[in-house]
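As structure tokens, the structure follows; a few thoughts come after it.
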Amino acid sequence: RASGEMVDTPALGAGGGNPVEVQVLSRPPDILNAIISISVLVLLMHIKYPTPKPRTKTAKIKFLKRSAAAKAPHHQRRTRTHAKRNLVVALLLFIAAVAFSSTHILRAAELLPPPGNDPHLDAYIRASQAAAFQKREGSKAPDQIGVATWYALGLRQPDALTCASTRFPRGTYLRVRDLRNNREVTCLVNDYGPTPGTNRVIDLSRGSYSQLEGLGSGTMPVEIRRVSGP
């Protein structure tokens, strides 16, 4: 029954009598739940849990050995993977090096070889001079014959038709002829060069050199003539 509910009961005794009102009181269930929760918390607070003991040096060493043994297969697989990858990269680099060297060997075969076994550049220049005179026999001798190269560092317009010379003053126009393919280009002297002691007679700009040959050749035998204008 609910708390405070009125109940009619017959009067005690032989003769009976008027009914008596009795009030029945019941304890709410929330109080019981609170008492149980507090009792459980008190019990938990008084329980002593065992604390882990610190591992000794021997135990740590055993643990590290077990960890290393467990990780060994993973390290082996990673090492094999890295070795395969490095092998593929090395093979690709080798193929690229062979292709690059083959290209330069083919270009080197087109160079005008020096006479005899003289490895110096002077012999190369003398061979260029001899070949030039044989090809242009009976014509006017050029002003210069020798080796030309190209440069672009320090030039504001490296693709312009300019050159550097130590023999001709600035503002002079020169007609440069490649002795390998007979191509010609007219360029303006606007710089001083080449550096003395390099056995070169002229330094062409990147634009002038590309009019005669590809930049990969590096050097070429040329003959130089002074002209009045482009």
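The values are calculated or read from the model by the stated rules, or taken from the named source; none is laboratory data. Source: prediction; values computed, not measured. All Cβ positions, even for glycine, are placed from backbone atoms using ideal geometry, and neighbour counts span all protein chains on display. For the accessible areas, the whole protein counts, side chains as well, though only heavy atoms, and no ligand, DNA or RNA atoms are used. Shrake-Rupley method; radii C 1.70, N 1.55, O 1.52, S 1.80 Å.
The table that follows gives values for the structure above.
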| read-out | value |
| --- | --- |
| Among residues of the stretch 71-105, those that are of a type in the set (Gly, Ala, Ser), more than 24 Å from Leu215 (Cβ to Cβ) and at pLDDT below 80, counted | 1 |
| Residue check for Met45: exposed (fewer than 10 other Cβ atoms within 10 Å of the Cβ) and either at pLDDT below 55 or within 60 Å of the chain's Cα centre (by Cα) (or both) | no |
| In the stretch 191-230, the residues that are under 21 Å from Gln157 (Cβ atoms), open to solvent by 60 Å² or more (accessible area, probe 1.4 Å) and assigned to a strand (DSSP E or B) | none |
| Candidate set: the stretch 168-190, residues that are within 18 Å of Met220 (Cβ to Cβ) and part of a loop (DSSP other than H, G, I, E, B); chosen: the one most open to solvent (accessible area, probe 1.4 Å) | Arg183 |
| Selection within the stretch 160-189 - more than 15 Å from Glu213 (Cβ to Cβ) and under 39 Å from the mean Cα position of the chain (by Cα) | Ala160, Thr162, Ala164 |
| Which listed residue is surrounded by fewer than 20 Cβ atoms within 10 Å (Cβ to Cβ) and either modelled with pLDDT under 95 or among the small types (Gly, Ala, Ser) (or both), from Ala148, Ala152 | Ala152 |
